[in-house]
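Have a look at this one before I ask anything.
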Amino acid sequence: MPRAESSATSKPRSASFTPATHRRGSNVHDRHALTARIAGLGTCLPDKILTNKDFERMVDTSDEWIVSRTGIRERHVVSEGESVATIAVEAGKRAMADAGVEPEEIELLVLATATVEQPIPATSAIIQPALGIKNATCFDIAAACSGFLYAMHVARQFIITGEVKTAMVIGAETLSRYTDYTDRATCILFGDGAGAAVLQAAPAGEGILRSALHTDGTYADFIQMPGGGSKYPPNVKEHIDARLPFIKMRGNETFKVAVRSITEVCQEVLAGAGVAADKVDLFIPHQANLRIIAAVGERLGLPPEKTYLNLEHVGNTSSASIPLAMREAIDRGVLKRGDLVLLAAFGGGLTWEDRLRLSWPGQPVRGDGERPRGEVPRGAGRVRPRRRRARRVPL
C-alpha cells in the first residue's frame, strides 16, 4: 500500500517533483527489476455434467458431429443454488490455500467475468466478504474469454508499481445461464467453471516475463450477447422472444480471425522476450475449439505434445479456461516449477492476449494431494500427434 510521508522529514513538493514510483529507472517502476509471479492456483468445476449424448436429445446434433468440429465431449454446468459467485469463492479459497496466504494479506481482487452475479454491485464486491479479503480493493473486468489474462495484466501493474504486494485474480463464468439451448451451433460449446490465482511480487525473470494485449472493436458482433443492456433492456418481451439475452457467435469468421490473431500475438510476445518458440516447455491456449488450437500450434511451429488440452471434458469456459487448464496441468505433472509457459486467449470484443511466464506453484490444491470434488480430469493432457488425433477428431 502507498506509504504516508513523515511530517517531520517531508519537504514541500515543487512543480518538478516526480514521485519515486514514477522516476525513470526506479526499481519499483522498472519492469526489468520487478514482476509478478503466481504463488497459488485454485479452481472449481460444478458437479453437474452435460455430455454430447444429452445434446442429442435436445437439438439436431450427434456426438460424432460435435467432437469432429470442436473436440468437446462434455462440459460442467451449475445447478440450482449455484452461481458465478459461489464457484468464484470456492476457487479463490483454494488459491489462497495453495499459496499459503491468509485472506487479510490479499490487497487487490480483479475478477474477470462476462456472466455477472447481478448488474450492480460488481461481482468482486459481492464475493469479498465470503473470501474474507477485507483489505482488498475489488473490481471486475469484462473481456470475455481473454478476461483472466487481462485481469492478470492489471494486477501485475499494481504489483510492479508497488501499490500492492499480494493480489488475487479470478476468472469465473456461468455461461450455461446465457446459452440458447435451441441453437445447436452454440449450445454445445460452453461450460461453467472458475479459476483463481494469487500473485505476488518477484524479481524479473522469475515470474511473468512478457505480455501483450489487443482489442479490435470492428469485430464486436462476432461474439456477443446483445440483450440485457441499455440497447436491448431485459424487461422488454420482444427482446426475450428474439433470443437477444443469449450468446450469439459468427463461428466461421471468428475462427479465421482467432487463428491469425493468436498466432501473431504469440510471435509478438516471444520476439519481445527474446525467446524462440522451441524453448517453450508448454503452450496453454484458451480452450475454445480444437481446430483453432491445432491451427495456431502448427503456425507457431510447436509440436503437438507441447500443447495442453482439457476442453474435451470442460468445453469453453471463457475467462475460467486458462486457470482451469493450468491447475490441471500442474496436478497431472505436465506443468512443473520453472517451466517456460506460453499462455494465449481470444474472446469477444474482439480481444486477445498472450503471456509468457515461468515459475509455478508445485503442489496440488490440497495438502494431502487429493483433488477437490469436481476437478478429477478425464481424458486431459497434451495434444496428441496429428496422426493419432486425426482418427478421433478430424481437423
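What follows is calculated from the coordinates using simple rules that are stated; it is not laboratory data. These numbers were taken from a predicted model, which means no experiment stands behind them. Neighbour counts run over all protein chains shown; Cβ positions are idealised from the backbone, glycine included.
Can you find even one residue in the range 201-218 that is within 28 Å of Val59 (Cα to Cα), touching a residue at least 24 places away in the same chain (Cβ under 8 Å) and among the hydrophobic types (A, V, I, L, M, F, W, C)? Even if it seems obvious, please write down each step before you answer.
So the first thing to find is which residues in the range 201-218 are within 28 Å of Val59 (Cα to Cα), and the list is none.
There is no residue in the range 201-218 that is within 28 Å of Val59 (Cα to Cα), touching a residue at least 24 places away in the same chain (Cβ under 8 Å) and among the hydrophobic types (A, V, I, L, M, F, W, C).
Same structure again: Do you know which of the residues in the range 145-165 that are in contact with a helix residue (DSSP H, G or I) (Cβ under 6 Å, 6 or more places away or on another chain) and under 22 Å from Val341 (Cα atoms) is surrounded by the fewest Cβ atoms within 10 Å (Cβ to Cβ)? Please lay out each step first, then the result.
As a first pass, look at the range 145-165 and keep what is in contact with a helix residue (DSSP H, G or I) (Cβ under 6 Å, 6 or more places away or on another chain): 145, 147-148, 161-162, 164.
The next check asks that each one be under 22 Å from Val341 (Cα atoms); those that pass are 145, 147-148.
On the way: Cys145: 31, Gly147: 33, Phe148: 37.
Going through the qualifying residues, I end up with Cys145.
Would you mind finding the one in Ala294, Ala320 that is of a type outside the set (Asp, Glu), part of a helix (DSSP H, G or I) and in contact with an Asp or Glu (Cβ under 9 Å, 6 or more places away or on another chain)?
On the way: Ala294 fails: in contact with an Asp or Glu (Cβ under 9 Å, 6 or more places away or on another chain).
After applying the criteria, what remains is Ala320.
Scanning the range 199-208 for residues that are out of contact with any Gly (no Cβ under 9 Å at 6 or more places or on another chain) and of a type in the set (A, V, I, L, M, F, W, C), which turns out nearest to Ala167 (Cα to Cα)?
The first filter runs over the range 199-208 and keeps only residues out of contact with any Gly (no Cβ under 9 Å at 6 or more places or on another chain), leaving 202-208.
Adding the requirement that they be of a type in the set (A, V, I, L, M, F, W, C) leaves 202, 204, 208.
Numbers: Ala202: 13, Ala204: 17, Ile208: 14 Å.
Applying the filter and picking the extreme gives Ala202.
A further question on this structure: Of all residues in the range 166-177, count the ones that are crowded, with 17+ Cβ neighbours inside 10 Å and either within 29 Å of Phe55 (Cα to Cα) or small (Gly, Ala, Ser) (or both). Show your work before the answer.
First, the residues of the range 166-177 that are crowded, with 17+ Cβ neighbours inside 10 Å: 166-176.
Among the residues that remain, those that are also either within 29 Å of Phe55 (Cα to Cα) or small (Gly, Ala, Ser) (or both) are: 167, 171-176.
So the answer is 7.
Residue by residue through the range 295-315, note down the ones that are closer than 24 Å to Ala185 by Cβ and surrounded by fewer than 21 Cβ atoms within 10 Å (Cβ to Cβ).
Passing the criteria: only Ala295.
Please name all residue pairs, on different chains or six or more residues apart, with Cβ atoms under 6 Å, provided the first residue is in the range 327-348 and is farther than 16 Å from Pro304 by Cα and in contact (Cβ under 8 Å) with a residue 12 or more places away in the chain and the second residue is of a type in the set (Phe, Trp, Tyr) and in a loop (DSSP other than H, G, I, E, B).
Cβ pairs passing all conditions: Arg337/Trp360.
Another question about this same structure. Picking from Phe190, Phe222, which residue would you name as being aromatic (Phe, Trp, Tyr), under 19 Å from the mean Cα position of the chain (by Cα) and within 21 Å of Ala112 (Cα to Cα)? Steps first, answer last, please.
Details: Phe222 fails: under 19 Å from the mean Cα position of the chain (by Cα).
So the residue among Phe190, Phe222 that is aromatic (Phe, Trp, Tyr), under 19 Å from the mean Cα position of the chain (by Cα) and within 21 Å of Ala112 (Cα to Cα) is Phe190.
Also, quick follow-up: Identify all residues within the range 177-193 that are in contact with a helix residue (DSSP H, G or I) (Cβ under 6 Å, 6 or more places away or on another chain) and under 16 Å from Gln287 (Cβ atoms); write none if there are none.
Within the range 177-193, Ile188, Phe190, Gly191, Asp192, Gly193 meet the criteria.
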